[in-house]
1. For the residue pair C:V18 and C:Q391, what label-to-label distance in nm results when each label sits 7 Å from Cα along the Cα-to-beta-carbon direction?
2. What order do you get for C:D385, C:D305 when you list them from fewest to most C-beta neighbours inside 10 Å?
3. Assign unit charges at the C-beta atoms only (+1 for Lys and Arg, -1 for Asp and Glu), then state the dipole size of chain C relative to its Cα centre in Debye, rounded to the nearest 20.
4. Would you mind classifying the stretch C:361-435 by shape? Square roots of the alpha carbon gyration tensor eigenvalues, ordered a ≥ b ≥ c; an a/c under 1.5 is rounded, otherwise it is prolate if a/b is larger than b/c and oblate if not.
5. How many angstrom lie between the C-alpha centres of the stretch C:214-283 and the stretch C:290-345?
6. For the stretch B:129-168 and the stretch A:7-38, what is the centre-to-centre distance using only Cα atoms, to the nearest Å?
7. How do B:I67, C:I398, C:I337 line up, fewest other C-beta atoms within 10 Å first?
8. If you take each beta carbon of peptide B:17-27 and count the beta carbons of other chains within 10 angstrom, what is the mean?
Amino acid sequence: MSIISLHYQDHSDTLCGRFAMLVSSYLDSPEEARKPGAAIPLENLFRVLQMYRYDSFADERRSGVLALEGIDEMPSLTADDESWHLRIQNAMSSALSSAFGATPKEQAIPQIQSTLRWLATDKEVPSTDVRARAKTFLELLSADLT
Amino acid sequence: MSALGRSALLERLAQGDLVVSPLLSSDQVGPSSIDLRMGTVVLMARAGRQSHVDPAAYRSPEAHRGIESRKQKHERFDVPFRESFLLHPGSLALVPTLEWVMIPNSLQGVVTARSSWAREGLNIATATIINPLYRGIVTLELANFGEIPIRLCPGLRIAQLALYDLRRIDGDQEDIGRPESQFDLAFEPAAGNVSKKDGKFISG
Amino acid sequence: MRTAKDFLEQECRNLNAVLEETLRFKYGLDGSQQFFEECKNRLIFIANSISSVPSTDSANLRKSSIALLELSGLISRIERSSVGEYSWPFVEELKQVAEAICTEETVTDRNRAPMIHVFSDGGLDKYAIFTEANRPSNAGKRILTIVFPRSLKHFVLLHSILGHEIGHAMWQCSKHQLALRDILNTHLFSTGTFATEKDAAMWLYSANAPQAIKDQLSAFGKSGVTRNNFFRWASWAAWREEILCDLIGLLTFGPSFVAAECNLLYSFDAEGTGIGQKHPPVGCRGNYLLKAAHLLGQDTHGLTDPQIGAAVRTFWDGLNARRQPSPWFNVFTDGQIQDTAHSIAALLQTLPPSCYSSPTEVELKHLLGQLNGTIPPVGFSVSSDRTLNCQKIDFRHILYVGWIKSADLGGLTFEQVNRLCGHAIMQQRAIDIELEP
């Protein structure tokens, strides 16, 4: 039996904000983006941008093909955590709108992702304008989520 | 008792009463034998876990002592394809053949090392006889008699199987029912029962 | 007294030592380097997070402590992985399917296959594929963990059930989730029983539900679960996802999936009436799966050989005998099932080799003939003109004939059929290597 009851709370939004802040700082010092540990914020931010791009935020960890729960247990009313993404999604929309104006997300998101890619690999340098907009986006996102 | 040549081997394989499956290339069937390849499991005798091989441990093979003795005698390694295993000098390893072998009741199989490996020090420690009606993988007891380790990879041809016609002295075939075998339908090597009904002779 | 921060910093050092200890063992089919580096990166990130916050920042320290817990669990699971405890030939085949489906675009790679980690645990109920969450976390590269029941190491026929788990992994891929959601909303869930939570609840509590269902719901009522709040207890999203994953299992593994699922599910729930928080009743699942297999033509081969035809019919008759007769269990129309299945199949066909395709009669006859002769069923034969022939065989066809044989074992046991098929999958790997250009 566990010595403590740990209630898991989702911290995706603050984590996302922190990643945005870190990556924003890498834009000022790109060499920092190639150090160990820098992969974490870059990969995560890229991933959540993918989710936003494809509007695919369903992310519950389900496993176990067998319906064993509920057979012998009495149920209790709890909610599934399906709204973890709302704050992130809203913050992204807002930051995108401010940084990229009327540019549709299908065009804006790949530009931000190309900036992350450049930071991680030091290849395919995006234009100064794209880097500037990406930085604005990240700063606004970070401010909104942290 | 005569050995089967290539033509006879292929004929029996085509008829289906002799099975060596799969044969990955046609040149595995030689003039009077079939090359066998190494499978993907290695059982290494593990020194230090048992003080000696004791037939007494096998008298009650399903009791704790018997099971423990069998399980601790060898260390098992699964060696997927394109990986390798080092057999050190003086070591004994049990490996299965890749091929599944079924011997008809009119034939007996004899497994020996391929001479090219034998020259490197790799030996099938004992000439393995495969009885009629055997079915399963063939366990090869590999020993390294050389002075340097030998790197073995699953899929390499390391042994050869010769097949002999079993005839009675009057020229007819032996009529053999399926014998009781502790290794029937074997999928991987396993320690055998050295005591094999000889418990009356074992003290301790 | 050590502060929480001191304690967590020490735990980071502990985990680093444990991570280095894992290198004593060979784990994973592809070795340990990528897991080691990924775990190391995560640990560095967490350690930096801890050191960068003051010791009075309990909120952020708590988040880091949870991250450390997750990482310690991952490292200990990696350490437990042993190639000898699961069927690695099956895993090699499964990986090809999983990698085709779960490849994602990442910051450094436009087409990165997931890192796949395999271990074995427990018994019958342990089949699982754990995908790490997409949402922001301390993970860099995502690790897909496949769990096999330890007790079922040699029961490859049952491993087909992992097709369902592949479905969960597919749903978690952002690029697929959008397409799958569109398919489901357009076809399967557009109308009818599962169109909305309300419709599903109405069906569940309907007067013609089996008595066993009513009795369970009545018992649930004592805990406050009613028709109006049923999907506060159960997860509507989960139910829909499970239905999707059953179909993906069928489309990736074919008849062997249907057989594995029916056998496993009904072993735990013989009546098929258990109501799960995250799963619809087993009886419904069996029914729509069998219907889907039929509509996809997986149970009909136009077989000309009477013996093979009889064997295949015996297999399907055995499965169809599990079909729940009450129409209450039929939650979708044929049209809904067919359109959904074909749409998902079209998606899978763009991700070879994930989509299952039926064997030819020649192949079926060959493989079944070998199994009937107690020979591992592989793509090898000797012609009457004494030519040795090797050919590629889809491992899912080996599983299918295994199940066909299991419906009429002859002199073999179910375990022996499993071992023969497991051995065949290994041998077929050798054949495939030999056939490589």
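Derivation of every value follows stated rules applied to the coordinates shown; laboratory data play no part. All of these numbers come straight from a predicted model, not from anything done at the bench. All Cβ positions, even for glycine, are placed from backbone atoms using ideal geometry, and neighbour counts span all protein chains on display.
1. Here the answer is 5.1 nm between the modelled labels.
2. Least to most surrounded, the residues fall as C:D385, C:D305.
3. 920
4. prolate
5. Computed from Cα coordinates, the inter-centre distance equals 20 Å.
6. One Cα centre to the other: 59 Å.
7. The most exposed by this proxy come first: B:I67, C:I337, C:I398.
8. For peptide B:17-27, the averaged partner shielding equals 6.
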